[in-house]
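Some notes on the structure that comes next.
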Amino acid sequence: MKRSTMELTIATGVDPKTPVKTGIQTTDKILAFWDSSAQQSQNILQLSKLSYYKFKANPDTTKLNDDQFEHISSLSNIHQFLRTAFSFKSSSQ
C-alpha cells in the first residue's frame, strides 16, 4: 500500500524534502571531489542547466523525480564502496 507524502511525514516525523536535499548536496560534493565539470554533474544528476544552477543557489527548492533520486543513491553507494575498498587496500599493506 503506497502512502502519501503527508502520511509518511506524519508517521516518521521527517520532512520529505530533507533526504532529497541531503542526497543532492552530498552527491554534489562527491562530484566536486571527483573534479567533474558543471556539465558532467548536470548529466549525472539529470538536471537541466537552469535546474542545476537553481539548486546551487537554493537547494531547498530542488525537486527530484524517481530516476534522479536513483542516480543520487547509486552514486553515493559507488562512492562509499570505493572509499571502503581503497581504505581496506591501504590498511592491509
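The values are calculated or read from the model by the stated rules, or taken from the named source; none is laboratory data. Keep in mind it's a predicted model, so treat the numbers as computed, not measured. Using ideal geometry, Cβ is built from the backbone for each residue, glycine included, and neighbour counts are taken over all protein chains shown.
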Can we say residue 36 is in a loop (DSSP other than H, G, I, E, B) and either touching a helix residue (DSSP H, G or I) at 6+ places or on another chain (Cβ under 7 Å) or surrounded by 13 or more Cβ atoms within 10 Å (Cβ to Cβ) (or both)?
yes
Across the stretch 48-74, what is the total count of residues that are closer than 12 Å to residue 25 by Cα and either touching a strand residue (DSSP E or B) at 6+ places or on another chain (Cβ under 9 Å) or among the basic types (Lys, Arg) (or both)?
1
Of the residues 72, 44, only one is in a helix (DSSP H, G or I), modelled with pLDDT of 85 or more and surrounded by 15 or more Cβ atoms within 10 Å (Cβ to Cβ); which?
44
Within the stretch 50-66, the residues that are part of a loop (DSSP other than H, G, I, E, B) and among the charged types (D, E, K, R) are 63
